[in-house]
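The next block holds one structure in the form of structure tokens; read it before the comments.
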Amino acid sequence: MHQISYSICHRYTRTNHGITIRVSLGRGGFIEPAEAKVDTGAEYCLFSREIGEALHIDIESGLPKTFGTLTGTLEAFGHEVTLQSFHLCFQSFVYFAKEKGLPRNLLGSIGWLRNLKLGLVDHDEFLYLDHYDS
């Protein structure tokens, strides 16, 4: 038997599009709130171009990456930001879509999940989070 403690217990409402939580991204004194989907299968965090522009980021100056999706490919650019989920805040490397209109933001492994301890009881709709402490 193992026991893990978490500082956050969040009750979410299951939707057809997964688990959505509120986050905030910050950079250069600008902060932008957003909703994002918890995606434990995603390797990276991906946000809409509009969020990056609200943070006054020159999107195309970032690290380019092509993502493979179910419907084709998506071009994005990586940037370092401050990412906050509930009261948990950390430096993160995330990608912003090249084109406007990304239908959903994703919280993936690199940039979000690797910074946290995550517990999930989907049957009861509970998400548990805390900082990862090595």
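The values are calculated or read from the model by the stated rules, or taken from the named source; none is laboratory data. No experiment lies behind these values; they were computed from the predicted model shown. With ideal geometry, Cβ positions are generated from the backbone for all residues, glycine too; neighbour counts draw on all protein chains shown.
Only one residue in GLU35, GLU53 is of a type in the set (Asp, Glu), at pLDDT 95 or above and assigned to a strand (DSSP E or B), so which one is that? Sole residue among the options that is of a type in the set (Asp, Glu), at pLDDT 95 or above and assigned to a strand (DSSP E or B): GLU35. A search for C-beta distances below 6 Å between a residue of the range 66-78 that is within 20 Å of LEU55 (Cβ to Cβ) and any residue that is exposed (fewer than 13 other Cβ atoms within 10 Å of the Cβ), counting only pairs 6+ apart in sequence or on different chains, returns GLU75/THR66; PHE77/GLU60; PHE77/PRO64; GLY78/LEU63.
Out of curiosity, is GLN84 farther than 21 Å from HIS17 by Cα and free of Cβ contacts under 8 Å to residues at least 12 places away in the same chain?
No; evaluated as a whole, the condition is false for this residue.
Do we have LEU107 as under 17 Å from ARG22 (Cα atoms), of a type in the set (A, V, I, L, M) and surrounded by 14 or more Cβ atoms within 10 Å (Cβ to Cβ) here? It is true that LEU107 is under 17 Å from ARG22 (Cα atoms), of a type in the set (A, V, I, L, M) and surrounded by 14 or more Cβ atoms within 10 Å (Cβ to Cβ).
Any chance you could count how many residues in the range 48-85 are surrounded by 20 or more Cβ atoms within 10 Å (Cβ to Cβ) and of a type in the set (D, E, K, R)? Going through the range 48-85 one residue at a time, the tally reaches 0. Restricting the range 17-32 to residues that are part of a loop (DSSP other than H, G, I, E, B) and within 19 Å of PHE126 (Cβ to Cβ), the residue that is farthest from the chain's Cα centre (by Cα) is HIS17.
Here THR66 meets each of (1) in a loop (DSSP other than H, G, I, E, B); (2) among the hydroxyl-bearing types (Ser, Thr, Tyr); (3) farther than 28 Å from LYS117 by Cβ with one exception, condition (1). Find all pairs meeting these conditions: Cβ atoms under 6 angstrom apart; at least six residues apart or on different chains; first residue within the range 116-130 and within 14 Å of ILE21 (Cβ to Cβ); second residue small (Gly, Ala, Ser) and in a strand (DSSP E or B). Listed by first residue and then by second, the contacts come to TYR128/GLY119.
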